[in-house]
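A quick write-up on the structure given underneath.
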């Protein structure tokens with residue numbers, strides 16, 4: 001690693017609702033204490049389970065990713081990253097009560113700024129928003145956007161409805177206005193079954209089904225016209241894998257040619273739009289380990305600008321000290337680790353150039 005890498009996916013853990021109390025307005029602090037939900041656990045399963053964390057990264061106490069010193073030593077220093085983007089996976093955004101969801105999202109963002117960003121200048125963060133209340137989400141984006149250390153808006157891959165629906169457009173309008181990419185991370189609000197056939201029995205089924213969720217959201221953003229309406233908006237698929245993308249690009253182009261009368265606002269091949277406005281993190285790559293096979297995959301994707309470096313710390317995606325997946329051509333490492341993230345996250349140019 002060069003010492004200049006930009007890690008686009010680090011997961012800090014919220015220890016519990018109690019740590020958010022100082023960041024809540026007095027009304028909501030009293031509300032939570034009165035209802036006895038100050039011990040409410042909203043950490044996603046993939047973040048709090050022991051098998052989601054590498055054994056050598058597991059803290060002596062607390063949740064994986066919850067200790068700033070360990071994140072600094074194991075992720076930032078360990079991978080020699082110049083910048084690390086924090087993506088908190090805590091379920092404030094999926095609380096059903098809109099006003100409470102906003103209050104908790106604001107508390108998470110305030111906690112991240114004070115307890116993480118203020119303590120290490122290398123850190124940046126995504127804005128957590130109440131996804132199912134787009135007007136309130138846009139309000140939170142505007143509130144946080146003045147802090148240039150917030151560089152992205154964080155959504156989940158599977159939630160109430162496909163993300164392209166016009167219901168969600170206030171979020172994209174606000175994000176584009178402030179130059180913030182939309183980061184869509186693996187995860188679900190469990191409003192619906194994670195598969196199209198109903199509820200699975202095992203975690204492995206849920207995890208593998210996330211790829212289908214990403215495909216659904218990508219097609220929704222495309223066909224509903226989000227990319228055309230917001231041409232300067234970048235969308236980052238985080239922890240999505242990439243090996244499914246070539247077939248999706250091929251099928252999108254083929255189907256569009258046959259029935260493009262249905263979506264007249266798509267005025268060019270869908271693959272060209274996706275290559276221009278969508279980015280993907282490389283952990284997990286979910287691709288063959290041989291370089292010639294990975295090169296074929298990249299040739300099929302048709303762009304060397306779509307991939308972004310990410311460690312996915314503290315999730316157990318790899319062993320050893322090299323977070324770059326095997327098989328990636330060495331000639332692309334500079335673009336993946338530095339150039340592409342800078343081009344994607346405009347606010348990073350202020351500190352790296």
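Just so you know, all these numbers are worked out from the coordinates, no wet-lab data involved. Model, not experiment: these values are computed from the prediction. All Cβ positions, even for glycine, are placed from backbone atoms using ideal geometry, and neighbour counts span all protein chains on display.
For a protection proxy built on the mean count of beta-carbon atoms within 10 angstrom, sort 151-161, 297-307 highest first, please.
Numbers: 151-161: 22.7, 297-307: 17.3.
Descending packing order for the listed peptides: 151-161, 297-307.
To make sure I understand, if each residue's beta carbon is the centre and we count other beta carbons within 10 Å, what order do 136, 20, 333 fall in, fewest to most? Could you put the intermediate results ahead of the total?
Numbers: 136 21, 20 25, 333 16.
In increasing order of surrounding Cβ atoms, one gets 333, 136, 20.
What order do you get for 104-111, 287-294 when each peptide is scored by the mean count of other beta carbon atoms within 10 Å, highest first? Before the final figure, lay out each step's value.
On the way: 104-111: 24.0, 287-294: 13.8.
Ranked from most to least packed, the peptides come out as 104-111, 287-294.
Could you tell me how far the Cα centroid of the range 118-184 sits from the Cα centroid of the range 48-109, in Å?
17 Å
Suppose a student asked you for the relative contact order of the chain, using Cα pairs under 8 Å spaced at least 6 residues apart; what percent would you report?
Values: 613 pairs, mean separation 65.5, N = 353.
Dividing the mean separation by the residue count of the chain yields 19 percent.
Report the antiparallel proportion of the DSSP beta bridges in the range 5-352 as a percent, rounded to a multiple of 5.
Numbers: 3 of 29 bridges.
Counting DSSP beta bridges with both partners in the range 5-352, the antiparallel share is about 10 percent.
Please report the equivalent ellipsoid semi-axes of the range 50-136, computed as sqrt(5 x eigenvalue) of the Cα gyration tensor, largest first, in whole Å.
On the way: eigenvalues 144, 49, 21 Å².
Here the semi-axes work out to 27, 16, 10 Å.
Can you work out D for the chain in µm² s⁻¹ from Stokes-Einstein, where Rh is the Kirkwood radius over C-alpha pairs, the temperature is 25 °C and the viscosity is 0.890 mPa s?
Details: Rh = 20.6 Å.
The diffusion coefficient I find is 119 µm²/s.
Cα-Cα pairs above 20 Å in the range 106-248: how many percent? Spell out each step's value before the answer.
Values: 4984 of 10153 pairs.
Counting every Cα pair in the range 106-248, those more than 20 Å apart make up 49 percent.
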